[in-house]
Amino acid sequence: MGVLLVLCQVNGIEVEDENSEITLEQSALLTQALKENDSVVPSMETKPTKKKKSILPFSEKKPKVSKKKWKKEEKEGSNQEPLKNQTYEKSVIPKSYNQKWSNRIFIGLIAGVVLLSVGSGVSYLQAKNHVHSEANKIVKSDKEQIQKISNGQSSQNYKAQIFLNDFVKAYFNVPSDEKEQEDYQKVLLAFYGQDLPVASQGQQKNQSELESSQLMDITNSTATYLVTYTTHTKENVPASKGKKASVKTVTHDNSTLFKISYGTVKGKYYVSTFPTFEDVTSLNAGKSAPLLTMDAVTNLSKSKENQLNTFVKSLLEAKTKNQETLELLADGLTLSSNEELVSVDYTNFQQKGKDTYKAIVQATFKNDMGTHPENYVFTITKTNKTFFARDFTNVITAKDMETMKG
């Protein structure tokens with residue numbers, strides 16, 4: 001029942017419903033009733049507001065409900081079905097962790113870190129041992145090489161060479177005066193260290209001068225020198241018609257292989273026995289050298305051969321004129337600005353691959369000494385219609401010429 005209907009009933013105005021018409025007097029009566037009771041129309045908002053004293057009759061008020069009954073109804077209401085289209089989130093209570101398992105996890109992490117550290121240490125030691133092993137191999141190899149050197153199987157012993165050079169100078173510079181020769185013998189004795197036993201009675205020495213000496217070979221116990229020296233000997237000239245007998249000095253130039261045996265004591269050297277003389281053998285191979293002929297033919301087309309010949313001439317001209325141009329044409333060829341290219345006398349080419357050629361060249365150059373030939377063997381490559389030369393050598397072998405033959 002609406003508020004107006006209640007006011008009408010209280011003030012004795014008969015109406016059937018809220019839409020019934022009332023008179024002006026009845027309307028004024030209702031207005032006066034509202035003012036007297038300070039009545040207001042209740043708000044339709046859902047928010048709770050402070051309720052004023054109800055003007056409803058006692059019979060219209062809601063009956064009171066006991067707390068026990070309210071709890072019972074609330075319990076029963078909780079068993080009802082949930083509203084449709086509503087979602088309910090279940091409260092999640094964090095699980096409590098077992099301290100025992102926490103300790104195990106912590107110990108496991110510590111053990112993992114320890115194992116990782118141990119593994120790294122083992123790897124480092126293995127790598128270190130490997131490096132030491134390789135280093136020991138290198139040191140051992142170096143020691144073996146040094147041992148070979150000390151045994152005379154490789155390089156020269158320069159300290160011994162200095163000692164032996166002095167001995168050669170002392171031995172071949174013999175004075176003419178007999179008294180001075182006594183001092184000469186004392187000098188030689190210093191190289192021997194001790195008097196070497198001599199079975200014959202006395203030695204004769206002729207005046208001589210050392211002209212040159214070259215070390216030919218040296219080991220840990222012997223050295224061989226190529227020695228050139230001049231001797232001055234006295235010869236008797238018999239008497240002839242109108243002339244008396246006389247003595248003349250004859251000079252001779254000599255070359256010999258002078259072989260010296262020596263030893264060491266506490267890092268110092270001595271000549272261990274009397275030196276020996278040997279004939280000088282020729283070091284020239286002579287006819288034993290391989291025969292080289294330039295009779296190979298080029299297996300290329302004439303146009304390709306002409307292109308390569310033009311490039312070779314430009315290359316050798318750049319060699320005598322301009323470093324920058326030379327670097328554009330070749331790698332490994334050195335500038336020679338005191339020379340002049342006279343002519344390219346021989347060329348031969350063999351194709352070694354696509355746009356790759358082997359070149360054999362002989363050319364004549366001129367300098368202050370005159371003209372002279374030079375040989376070249378190198379590789380020519382073609383890239384984008386441009387030639388470039390590399391891998392130079394000045395030695396033409398018989399094998400090179402054999403591979404060039406058609």
> Are any residues in the stretch 347-389 assigned to a strand (DSSP E or B), over 20 Å from Thr298 (Cβ atoms) and among the basic types (Lys, Arg), and if so, which ones?
Replying inline: Lys366
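Given the structure, is Leu257 of a type outside the set (Val, Ile, Thr) and touching a residue at least 60 places away in the same chain (Cβ under 8 Å)?
Values: of a type outside the set (Val, Ile, Thr): yes; touching a residue at least 60 places away in the same chain (Cβ under 8 Å): no.
So Leu257 fails the test.
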> In the stretch 164-184, which residues are exposed (fewer than 13 other Cβ atoms within 10 Å of the Cβ) and in contact (Cβ under 8 Å) with a residue 40 or more places away in the chain?
Replying inline: Lys169
> What about Glu182, is it assigned by TED's automatic domain parsing to the domain that holds Thr231, closer than 16 Å to Thr231 by Cβ and at pLDDT 85 or above?
Replying inline: no
> Any idea how many residues of the stretch 322-344 are surrounded by 16 or more Cβ atoms within 10 Å (Cβ to Cβ) and more than 14 Å from Tyr376 (Cβ to Cβ)?
Replying inline: 1
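Search the stretch 282-309 for residues being among the small types (Gly, Ala, Ser) and assigned to a loop (DSSP other than H, G, I, E, B), and hand back the single one that is farthest from Ile380 (Cα to Cα).
Quick first cut of the stretch 282-309, residues among the small types (Gly, Ala, Ser) only: 282, 285-286, 288-289, 296, 301, 303.
Going one step further and asking which of them are assigned to a loop (DSSP other than H, G, I, E, B), we end up with 282, 285, 289, 296, 301.
Values: Ser282: 40, Ala285: 33, Ala289: 29, Ala296: 18, Ser301: 16 Å.
Only one residue fits best here, namely Ser282.
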>> I need a count of the residues in the stretch 261-303 that are on the phi > 0 side of the Ramachandran plot and in contact with a helix residue (DSSP H, G or I) (Cβ under 7 Å, 6 or more places away or on another chain).
In response: 0
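Just give me the residues in the stretch 361-376 being under 39 Å from the mean Cα position of the chain (by Cα) and surrounded by fewer than 17 Cβ atoms within 10 Å (Cβ to Cβ), in sequence order. I'd like the intermediate steps shown before the answer.
Our first condition is that a residue be under 39 Å from the mean Cα position of the chain (by Cα); within the stretch 361-376, this holds for 361, 374-376.
Hits for the stretch 361-376 are Glu374, Asn375.
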>> If the requirement is being basic (Lys, Arg), over 26 Å from Thr325 (Cβ atoms) and either loosely packed, with under 12 Cβ neighbours inside 10 Å or in contact with a Phe, Trp or Tyr (Cβ under 8 Å, 6 or more places away or on another chain) (or both), which of these qualifies: Lys358, Lys354?
In response: Lys354
> Just for strands (runs of 3 or more DSSP E) wholly inside the stretch 185-277: which have at least 3 residues that are charged (D, E, K, R) and surrounded by 10 or more Cβ atoms within 10 Å (Cβ to Cβ)?
Replying inline: 207-218
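If we keep just the residues of the stretch 196-223 that are within 60 Å of the chain's Cα centre (by Cα) and without any contact (Cβ under 8 Å) to a residue 40 or more places away in the chain, which is farthest from His252 (Cα to Cα)?
Start the filter on the stretch 196-223 by keeping residues that are within 60 Å of the chain's Cα centre (by Cα), which leaves 196, 208-223.
Those left that are additionally without any contact (Cβ under 8 Å) to a residue 40 or more places away in the chain: 208-209, 212, 214, 217.
Details: Ser208: 9, Glu209: 11, Ser212: 15, Gln214: 20, Asp217: 26 Å.
Of everything passing the filter in the stretch 196-223, Asp217 is farthest from His252 (Cα to Cα).
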> Could you list, in sequence order, the residues of the stretch 378-392 that are within 15 Å of Lys319 (Cα to Cα) and of a type outside the set (D, E, K, R)?
Replying inline: Phe378, Phe388, Ala389, Phe392
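Taking the stretch 360-398 on its own, how many of its residues are touching a Leu at 6+ places or on another chain (Cβ under 7 Å) and either at pLDDT below 95 or among the β-branched types (Val, Ile, Thr) (or both)?
First, pick out the residues of the stretch 360-398 that are touching a Leu at 6+ places or on another chain (Cβ under 7 Å): 363, 365, 380, 388-389, 392, 396, 398.
Keeping just the survivors that are either at pLDDT below 95 or among the β-branched types (Val, Ile, Thr) (or both) gives 380, 396, 398.
Going through the stretch 360-398 one residue at a time, the tally reaches 3.
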>> Checking the conditions here, which among Val312, Val342 is touching a residue at least 24 places away in the same chain (Cβ under 8 Å), β-branched (Val, Ile, Thr), farther than 30 Å from Asp166 by Cβ and assigned to a strand (DSSP E or B)?
In response: Val342
> Only one of these conditions is not met by Glu402: (1) closer than 23 Å to Asp295 by Cβ; (2) in a strand (DSSP E or B); (3) not β-branched (Val, Ile, Thr). Which number is it?
Replying inline: (2)
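The values are calculated or read from the model by the stated rules, or taken from the named source; none is laboratory data. Bear in mind the structure is a predicted one, so any value in this text is a computation, not a measurement. No Cβ is skipped: glycine too gets one built from the backbone with ideal geometry, and neighbour counts run over all protein chains shown.
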